[in-house]
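See structure below.
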Amino acid sequence: MAKTTLKSLAQALNMSVSTVSKALNDSYEISEVTKRTIQEFAKKHNYQPNVHAKFLKTGKTNTIGVVLPKMTGSFEAQIIAGMQKAATTHHYRTIIMNTMENEELEKLALQSMLDKSVDGILFCPIHEESNIDLAKQILKTTPIVIFDRTHYPIETHKVGVLNTQGMYNACKHLWDIGRRKIAIFCGARQGITTKRLSGYMEAHHDFQIPVTPEYIVHCNVKSLADLQDDMEKHVKSLLQLPEPPNAIVGVADTITTHLLGILAKLEIKVPETLAVIGFANTDLVLSLNPSLSTIRQPTTEIGEISVNKLVEIMQKKNRSQIEWEDIKLPTSIQLRRSTIG
């Protein structure tokens, strides 16, 4: 079957190539009825625009690059769904690259986005120091918006959540139910750790509860196998302390959701021995045993707002006049049997 082109569409519709091209690009010069007719016909015949030809002509590819540290759970899937929804609304395609929490892969992903001539990049850095110089260099020619792990020192729009407040509220909930000895499981060199650990420390200060240094642990998040091995070792060490914790908060989705499995393997009762709560956006919380109390993030909104702010930058002729926003959305706590029995 021959590939559908602008010329073949124009011939089939008995229209000029110019009219078809403008309709597919949603030009105001073409009536809504004609645009709809052409766009539906193009979709039916699986028309794919020639991105390289368009770039040579306009300097744009109508493509947004997404670079993120992992794609292993519901959290990332929900953010990407929000991004793709907003990108489609603005007539952009998305290219997604997973850096697997590896700084060298992150560097290659960012460079690859430039090779693909994307119009802008949505970037979730591994941590606050990863590939900063490269990101600053890219920013001179290609707009970047930082999402999720927003503790990153470049000047642009940033979209995330109130990480400190979310962790603070989780600690308060545990104290309200009588769990005063809270361990926190963090991701080693993970960009979300700093603010969430800050919420843990702030809550202890405000409620005048001493911080036990041994309760603060950092897990290897390079791979799921490493994470599970590390968490198992930390749980065993914590329970051997003279005063073991009676609750654990998880800083990240992967940590929180896999923690229940580790505790089940070690035959540690939840919440009787250890109550568990943490950041997690999985839709399977009710299927876990016990059901998991979570700090939930507005993932779809993060994705949509990130795209909207990037498009806003791309449409500005004079970007030096943009007032950069650090957008922080509230989290919510959903209480279940892992803390309230």
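The values are calculated or read from the model by the stated rules, or taken from the named source; none is laboratory data. All figures in this text were calculated on a predicted structure; none of them were measured in a lab. Here the Cβ is made from the backbone with ideal geometry for all residues, glycine too, and neighbour counts use every protein chain on show.
Residue-by-condition table, conditions (1) of a type in the set (S, T, N, Q); (2) modelled with pLDDT under 90:
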| residue | (1), (2) |
| --- | --- |
| 18 | yes, yes |
| 23 | no, yes |
| 80 | no, no |
| 113 | no, no |
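Just wondering, is there one or more residues in the range 218-228 that are in a helix (DSSP H, G or I), assigned by TED's automatic domain parsing to the domain that holds residue 182 and buried (at least 20 other Cβ atoms within 10 Å of the Cβ)?
yes
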- Determine, yes or no, whether residue 247 is under 22 Å from residue 218 (Cβ atoms) and either surrounded by fewer than 18 Cβ atoms within 10 Å (Cβ to Cβ) or small (Gly, Ala, Ser) (or both). yes
- Item | Selection count, the range 107-140, where residues are without any contact (Cβ under 8 Å) to a residue 12 or more places away in the chain and in a loop (DSSP other than H, G, I, E, B) | 2
- Query: When residues of the range 116-136 are filtered for being surrounded by fewer than 17 Cβ atoms within 10 Å (Cβ to Cβ), modelled with pLDDT of 95 or more and under 28 Å from residue 91 (Cβ atoms), how many remain?
  - Reply: 0
- Of the conditions (1) within 25 Å of residue 281 (Cα to Cα); (2) surrounded by 17 or more Cβ atoms within 10 Å (Cβ to Cβ); (3) over 15 Å from the mean Cα position of the chain (by Cα), residue 113 clears all except one; give me its number. (1)
- Determine whether the range 190-213 contains at least one residue that is assigned to a loop (DSSP other than H, G, I, E, B), surrounded by 15 or more Cβ atoms within 10 Å (Cβ to Cβ), more than 16 Å from the chain's Cα centre (by Cα) and assigned by TED's automatic domain parsing to the domain that holds residue 316. no
- Only one of (1) touching a strand residue (DSSP E or B) at 6+ places or on another chain (Cβ under 7 Å); (2) outside any helix (DSSP H, G or I); (3) polar (S, T, N, Q) fails for residue 48. Which number is that? (1)
- Query: Which of the residues spanning the range 257-276 are touching a Leu at 6+ places or on another chain (Cβ under 7 Å) and at pLDDT 95 or above?
  - Reply: 263, 268, 270, 274, 275, 276
